[in-house]
Amino acid sequence: MRVRELRVEYRVRPDAPAFDSRTSLKTPPEAAAFLAPILEHEPCEVFLVIFLNTKHQLLSFHEVSRGTLDSTLVHPREVFKAALLANAAAIVLAHNHPSGDPWPSPDDAVLTQRLKAAGELLGVDVVDHVIVADGRHYSFKEGGRL
């Protein structure tokens, strides 16, 4: 039986911020500053995962899902398949709110807790979930909800 090789494609946009292996995302403002140029001007919700090493330095990021004006479908399988293939020790969840209001919806809170629990099972630490919108951000870590 032959095992098919799995690959994760990382979409790098021309407007994406430059990063290298020393880029550190240890605080929510650092993560938000990294994410804002990528997500703020998207016309629909986009869900990204940032992959970090054991020192919380940036490995890469991956677009998991692109949805509609006010929602996107995210499944733990897709989040953690990419994280495991990237050899990530930790991840930061991220998405935008095209409405301009970064406050999380009840669905955002449920998804965050579901992904946190899945990460604990797999040994991948979910360090934050950052929502960016209109020059502002909401961090589940800063909000005491993670």
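Per-residue Karplus couplings for the range 122-130, computed as 6.51 cos²θ - 1.76 cosθ + 1.60 with θ equal to phi - 60°, are listed in order as 8, x, 10, 6, 8, 8, 5, 10, 10 Hz, Gly and Pro entered as x.
Taking amide hydrogens as placed 1.01 Å from N in the peptide plane, the amide H of LYS141 sits under 5 Å from those of HIS129, each at least 5 positions away in sequence or on another chain.
With viscosity 1.002 mPa s and temperature 20 °C, the Kirkwood radius over alpha carbon pairs of the range 42-139 converts through Stokes-Einstein to a diffusion coefficient of 160 µm²/s. Applying both filters, DSSP loop and at most 12 other Cβ atoms within 10 Å, to the chymotrypsin sites (Phe, Trp or Tyr not before Pro) of the range 54-146 eliminates every site.
Straight-distance candidates among the lysines for linking to LYS26, with alpha-carbon spacing under 20 Å and chain neighbours fewer than 8 residues away dropped: LYS55, LYS116, LYS141.
No lab work stands behind these numbers, since they all come straight from the coordinates. Quick caveat: nothing in here was measured; it's all calculated off a predicted structure. Virtual Cβ from ideal backbone geometry, glycine too; neighbours counted across all protein chains shown.
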